[in-house]
Amino acid sequence: MKPACAHIIRACEALIRSSRNLDSQSFAAIGHRGYARLLRELRALQNRLYGCTKFDKLIRYRCANLFFLVLPEELFRDPEIPVGWGALVESNGALTLARKPIWHETTQQDRIRLLHRIAVAGTRALNRNLHDPGVFLQPL
């Protein structure tokens with residue numbers, strides 16, 4: 001190693017060692033714009049990943065072959081549409097395909113399983129009401 005470069009390398013190594021002790025509070029405290037932007041992007045990605053669980057369940061339960069969100073033009077933001085979903089945007093009384101959905105294969109067994117889940121959930125709610133002393137059954 002050349003002697004002229006040795007002091008630069010030592011300085012860089014010292015900087016790297018000291019940077020390991022930095023925490024996120026120091027960047028937030030000085031108002032670092034790049035750090036703040038990175039945090040905003042991270043929050044947006046986490047919201048997309050964890051905040052769309054209801055949309056993901058519909059795909060996982062194989063409720064349909066195609067999934068669409070229908071929304072007014074002023075609310076449409078392409079990055080906010082869940083992965084695999086299509087978007088129909090309402091503008092001037094007409095629907096326009098703004099994003100194509102991905103085709104999801106479903107079988108008859110998938111559809112029967114979905115209907116079974118709906119029936120079980122409905123029965124569970126009915127059973128709760130039957131056992132609630134405040135609910136009186138009306139004759140048909």
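The values are calculated or read from the model by the stated rules, or taken from the named source; none is laboratory data. Remember, it's a predicted structure, so these values are computed and weren't measured experimentally. Reconstructed Cβ throughout: ideal geometry from the backbone, glycine too, with neighbour counts over all protein chains shown.
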**Asked** Limited to the stretch 71-109, what total is found for residues that are touching a Gly at 6+ places or on another chain (Cβ under 6 Å) and surrounded by fewer than 16 Cβ atoms within 10 Å (Cβ to Cβ)?
**Response** 3
**Request:** Grab the helices (runs of 4 or more DSSP H) fully contained in the stretch 31-130, keeping just those with 3 or more residues being among the small types (Gly, Ala, Ser).
**Result:** 33-50, 108-130
**Prompt:** Scanning the stretch 47-64 for residues that are farther than 18 Å from Ile118 by Cα and surrounded by 12 or more Cβ atoms within 10 Å (Cβ to Cβ), which turns out modelled with the highest pLDDT?
**Reply:** Arg48
